[in-house]
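Q: Once you've had a glance at the structure underneath, I'll fire off some questions.
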Amino acid sequence: MKGRKLACCFLFCLPPLRRFSTVGFSLRPSSYDIIGDIALIKTPDMGAPIRDIGEQVMASNRKIKVCAVKTAPMEGPFRQSQVHVIAGEDRLETTHKEWGVKTKVHLGKVFFSVRMSAERKRVCDLVQPKEKILVLFAGCGPQSCMLCKLTEVSRVVAVEKNPDAIACLKMSRDANKLGPDRLRIVQQDVREFKTLETFDRILIPRPKGEGSFLDCALPFAEPRGAWIHWYDFSEPGGESGGFVSSRKEVEDGCMDSGFQCRVERIVKASKTSIGKRKYRLCVDAFVWKEDESI
Ligand SMILES: C[S@@+](CC[C@H](N)C(=O)[O-])C[C@H]1O[C@@H](n2cnc3c(N)ncnc32)[C@H](O)[C@@H]1O
């Protein structure tokens, strides 16, 4: 909280926007993401006036209409960030397009990571025709919309609690011309979600530090066999390329819920590490109930 206050003071105590005066000298930060038409700087170089940096980032790419800076890490169960516009149009809403699929995003109100784009595609590539898929912690819907647009799923059910993310998710569904039969959106806490349906595949991109949520997800797994994609944050373990504690958590969680489990693979789920040697990873596991397997 203290850090966030300091960062905000830093931003708002700045002098009015100055003309860019450091011709021939690059102020562009080494780390920023482009989300739709917004450049989001994550690690501003405090050595230069922030608005000069914003101007130069915008000048580097004509498609960028807004330059914003993240002043505090994501926090809370909704994984929201403190984001401030430093140059360009005064807005944080945008439409991001990846693999031809649109996602409506509000950078200050919902979680969204461009760095998981390849992971979203990886999961789509595993899907078989006619699957029913449950996406828990669906956010503003990048994965749910991609599944509907890029695969032959029978339907996707997306569960999310943050009302702002739900609003973006509904706009994303409309932007991709998907109907409610193909993409059902449920605004609910995952812990309270109920349905009589079972699913062939369940995605669990849970927020950090809030529990495994395997006990919430597994009751909806097709007992004759289903895939789960369980996301974790971990350091590389001793096992060859594996992440030992994540594997064990999935195996134990399945056992506690009465499911057999075969961990098929564990992959890095994000292009870059999050913190020192910490990775977002995904455990892909096949789960089934012993007496109901096909
Ligand atoms: C790590 S983000 C993942 C979002 C999305 N899957 C994506 O990749 O863009 C976690 C999401 O879960 C939502 N969330 C957190 N706790 C929740 C809960 N108990 N029930 C439903 N959604 C929750 C947050 O609002 C956030 O959108």
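Q: Restricting attention to the stretch 116-145, which residues are surrounded by fewer than 20 Cβ atoms within 10 Å (Cβ to Cβ) and among the hydrophobic types (A, V, I, L, M, F, W, C)?
A: The initial filter retains those residues of the stretch 116-145 that are surrounded by fewer than 20 Cβ atoms within 10 Å (Cβ to Cβ), namely 117-118, 121-122, 124-130, 132.
Hits for the stretch 116-145 are A118, C124, L126, V127.
Q: While we're here: Exactly one of (1) crowded, with 16+ Cβ neighbours inside 10 Å; (2) outside the structural domain of A285 (by TED's automatic domain parsing) is unmet by G100. Its number?
A: (1)
Q: Checking the structure you have, find out if any residue of the stretch 61-70 is touching a Cys at 6+ places or on another chain (Cβ under 7 Å) and modelled with pLDDT under 95. So that I can check it myself, show each step before the final result.
A: Here is the first cut: in the stretch 61-70, the ones touching a Cys at 6+ places or on another chain (Cβ under 7 Å) are none.
No, the conditions are met nowhere in the stretch 61-70.
Q: Tell me, which strands (runs of 3 or more DSSP E) wholly within the stretch 143-258 include 2 or more residues that are among the charged types (D, E, K, R)? Steps first, please.
A: Details: elements: 155-160, 183-187, 201-204, 226-234.
The strands (runs of 3 or more DSSP E) meeting that bar are 155-160.
Q: Please give the number of the condition D125 fails out of (1) more than 15 Å from the ligand (Cβ to nearest atom); (2) touching a helix residue (DSSP H, G or I) at 6+ places or on another chain (Cβ under 7 Å).
A: Failed condition: (2).
Q: Looking at the stretch 128-157, which of its residues are more than 13 Å from R201 (Cα to Cα), more than 8 Å from the ligand (Cβ to nearest atom) and aliphatic (A, V, I, L, M)?
A: M146, L150
Q: Of S113, S172, which residue is touching a residue at least 24 places away in the same chain (Cβ under 8 Å), surrounded by fewer than 23 Cβ atoms within 10 Å (Cβ to Cβ) and of a type in the set (G, A, S)? Talk me through it step by step, then tell me what you get.
A: Numbers: S172 fails: surrounded by fewer than 23 Cβ atoms within 10 Å (Cβ to Cβ).
Every option except S113 fails the conditions.
Q: Taking I266 as the residue in question, decide whether it is in contact with a helix residue (DSSP H, G or I) (Cβ under 9 Å, 6 or more places away or on another chain), hydrophobic (A, V, I, L, M, F, W, C) and within 16 Å of the ligand (Cβ to nearest atom). Walk me through it before giving the result.
A: On the way: in contact with a helix residue (DSSP H, G or I) (Cβ under 9 Å, 6 or more places away or on another chain): yes; hydrophobic (A, V, I, L, M, F, W, C): yes; within 16 Å of the ligand (Cβ to nearest atom): no.
The answer is no for I266.
Q: Going through the stretch 100-148 one residue at a time, which ones are modelled with pLDDT under 95 and more than 27 Å from G211 (Cβ to Cβ)?
A: Within the stretch 100-148, none qualify.
Q: Considering the stretch 126-142 alone, what residues qualify as being among the hydrophobic types (A, V, I, L, M, F, W, C) and not in a helix (DSSP H, G or I)? Spell out how you get there, then give the answer.
A: Step one: of the stretch 126-142, the residues among the hydrophobic types (A, V, I, L, M, F, W, C) are 126-127, 133-138, 140.
Hits for the stretch 126-142 are V127, I133, L134, V135, L136, F137, A138, C140.
Q: Can you tell me which of K271, K208 is within 14 Å of the ligand (Cβ to nearest atom) and either modelled with pLDDT of 95 or more or in contact with a helix residue (DSSP H, G or I) (Cβ under 8 Å, 6 or more places away or on another chain) (or both)? Don't jump to the end; show me each part of the working.
A: Working: K208 fails: either modelled with pLDDT of 95 or more or in contact with a helix residue (DSSP H, G or I) (Cβ under 8 Å, 6 or more places away or on another chain) (or both).
On inspection, the qualifying residue turns out to be K271.
Q: Continuing with this model, one more query. Testing V105 on (1) β-branched (V, I, T); (2) in contact with a helix residue (DSSP H, G or I) (Cβ under 7 Å, 6 or more places away or on another chain); (3) more than 10 Å from the ligand (Cβ to nearest atom), one condition comes back false. Which one is that?
A: Condition not satisfied by V105: (3).
The values are calculated or read from the model by the stated rules, or taken from the named source; none is laboratory data. If you're wondering where the values come from, they're calculated on a predicted model, not measured in any experiment. In this analysis, Cβ positions are derived from the backbone assuming ideal geometry, glycine residues included, and neighbour counts consider all displayed protein chains.
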